[in-house]
1. Which condition number in (1) out of contact with any Gly (no Cβ under 6 Å at 6 or more places or on another chain); (2) part of a loop (DSSP other than H, G, I, E, B) is the one that residue 248 fails?
2. Using the structure shown, decide if residue 108 is open to solvent by less than 40 Å² (accessible area, probe 1.4 Å), among the aliphatic types (A, V, I, L, M), touching a helix residue (DSSP H, G or I) at 6+ places or on another chain (Cβ under 9 Å) and touching a residue at least 40 places away in the same chain (Cβ under 8 Å).
3. Out of all the residues in the stretch 381-390, which are surrounded by fewer than 20 Cβ atoms within 10 Å (Cβ to Cβ) and within 22 Å of residue 60 (Cβ to Cβ)?
4. Give me a count of the residues in the stretch 398-409 that are farther than 20 Å from residue 62 by Cα and touching a Pro at 6+ places or on another chain (Cβ under 9 Å).
5. Filter the stretch 233-264 for residues that are closer than 18 Å to residue 212 by Cα, crowded, with 21+ Cβ neighbours inside 10 Å and either over 19 Å from the mean Cα position of the chain (by Cα) or of a type in the set (Lys, Arg) (or both) and give the result.
6. Among the listed residues 11, 74, which satisfies the condition of being hydroxyl-bearing (Ser, Thr, Tyr), within 22 Å of residue 417 (Cα to Cα), open to solvent by 30 Å² or more (accessible area, probe 1.4 Å) and at pLDDT below 95?
7. Count, please, the residues in the stretch 284-337 that happen to be assigned to a strand (DSSP E or B) and open to solvent by less than 40 Å² (accessible area, probe 1.4 Å).
8. Collect the residues in the stretch 269-283 that are in contact with a strand residue (DSSP E or B) (Cβ under 8 Å, 6 or more places away or on another chain), in a strand (DSSP E or B) and open to solvent by 10 Å² or more (accessible area, probe 1.4 Å), keeping them in residue-number order.
Amino acid sequence: AVRGPAGPGLSAACLCRRERVRAMFYHAYEHYLESAFPYDELRPLTCDGQDTWGSFSLTLIDALDTLLILGNVSEFQRVVNVLQEGVDFDIDVNASVFETNIRVVGGLLSAHLLSRKAGVQVEAGWPCSGPLLRMAEEAARKLLPAFQTPTGMPYGTVNLLHGVNPGETPVTCTAGIGTFIVEFATLSHLTGDPVFEDVARKALKALWKNRSDIGLVGNHIDVITAKWVAQDAGIGAGVDSYFEYLVKGAILLQDKELMSMFLEYNKAIKNYTKFDDWYLWVQMYKGTVSMPVFQSLEAYWPGLQSLIGDVDNAMRTFLNYYTVWKQFGGLPEFYNIPQGYTVDKREGYPLRPELIESAMYLYRATRDPTLLELGRDAVESIEKISKVDCGFATIKDLRDHRLDNRMESFFLAETIKYLYLLFDPDNFIHNDGSDFDVVVTPYGECVLNAGGYIFNTEAHPIDPAALHCCRKRKEEQWEVEDLMREFYSRKKTKKFTLKRAPDHGEGENAKDPEDASSEKEKRNSKKSSHSLLSCPSQSFNSKLAVLGQVFLDNT
């Protein structure tokens, strides 16, 4: 999470805009329930519904954690019951592996981890068990056949009943290969089954292995032969969330290797694609410009830059993108940078969240009021242009404001959520570690809801501490005991007891810190795989939250 200077509480202007965003959510959500449920999406111009990504009641899954962020615990609880009773993954449907993961698996995992906070009566063993976790696991298992390729890179489509269809195209976009580590690693840590994290890592490493000599990846690759089919390199459509998940996976898993991969890519991206704080598309082997365009999907990049601390560059790029928004009242899918105008047949704005997402991250880091102005402009534009009687419609053409009969589920999952969080600095999502819950699992006590949430690319927040609640690793025990010894030396006047989860076959009590010196010497000779990548200013409680442990003051 990005932590900025401690700003003032909610201003009157922010409160007003936050409540307008809340009203926008309910206008869309209630019309989905009335006119479109149980279909995936609302068609707002005809006030009916359609299945788009697999017949999962997708908007309901995507909107679930947004309900809690808006404070509606009763509707969250109702929807949890509806989903348990009504969603079935044993269906003869061809589904996008990428979209099913980020929307369905990600949405169910996030809702599972937030269930207790939402007042759901969780079962014994939570967060290591629970109905929503089982649903997420079932959905993810339906995707596993796609990963059974010679390269480990997945097919783009899988049949939920029969697996990969014979004759399925082996060509998959880069993002469709590299956007699994957040959800799949979370699943593996919660369920204890390593297969999910293993396939996600193998896919990430296959892309890394097949980068060009100048350090770039293309847009589409053959997952059987590992030959690049589309050789345009950039940060936008077809590639975007691969880079995003290297950073977020590194933070979530405290993984140096993933972060080093991203930082190497970042050097190549700056060297070959960056011009005057814009990012162009180039040929992946030569670095020559192939498309001098800005794509709306690229607007996530400033937010990602903020996560690695590159705030100055992030702000400059954000301001470039904001000028495009102000020109059209939204971001066209493609924008020709030299001409300063839209690209033919790419003039639409399907209410995407990426620029608002970056504004939310950067506002947390800087408190720059310009970022609130973007939020204000987004609320005004969306309400003025796309609001209709039955919801909010995709803008087919930003030049004349023609509308299209679709409201994608990400409007409620991402666009509304990031807008609301931009205007709600006191939301629990922004917790700095000063407030947390202690839960008892079959593996001991752990800390949850202390902040530091990692948003997947569909804006579903994952609590990183939860990954350490359901299995015990020696390295984590050692790191916590090191923190314990450090705290002993600084707080000699107090007596603290470390309560840790036992390894399988171990007793309940932690080893006395003074008795651990020989083990510490042994492990110091090994390279740690859990180096903290979090902000240097991270508080002591936050460190404990990240490690999933708790100290109890017995004085």
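The values are calculated or read from the model by the stated rules, or taken from the named source; none is laboratory data. As the structure is a prediction and not an experimental result, all values here were calculated from the model. As a convention, Cβ positions derive from the backbone with ideal geometry for all residues, glycine included, and neighbour counts pool all protein chains shown. Only protein heavy atoms, including side chains, enter the accessible area calculation; ligands, DNA and RNA are left aside. Shrake-Rupley method; radii C 1.70, N 1.55, O 1.52, S 1.80 Å.
1. (2)
2. Yes; evaluated as a whole, the condition is true for this residue.
3. 387, 388, 389
4. 4
5. Matches in the stretch 233-264: 233, 234.
6. Within the list 11, 74, the selection yields 11.
7. Of the residues in the stretch 284-337, 5 are assigned to a strand (DSSP E or B) and open to solvent by less than 40 Å² (accessible area, probe 1.4 Å).
8. 278, 283
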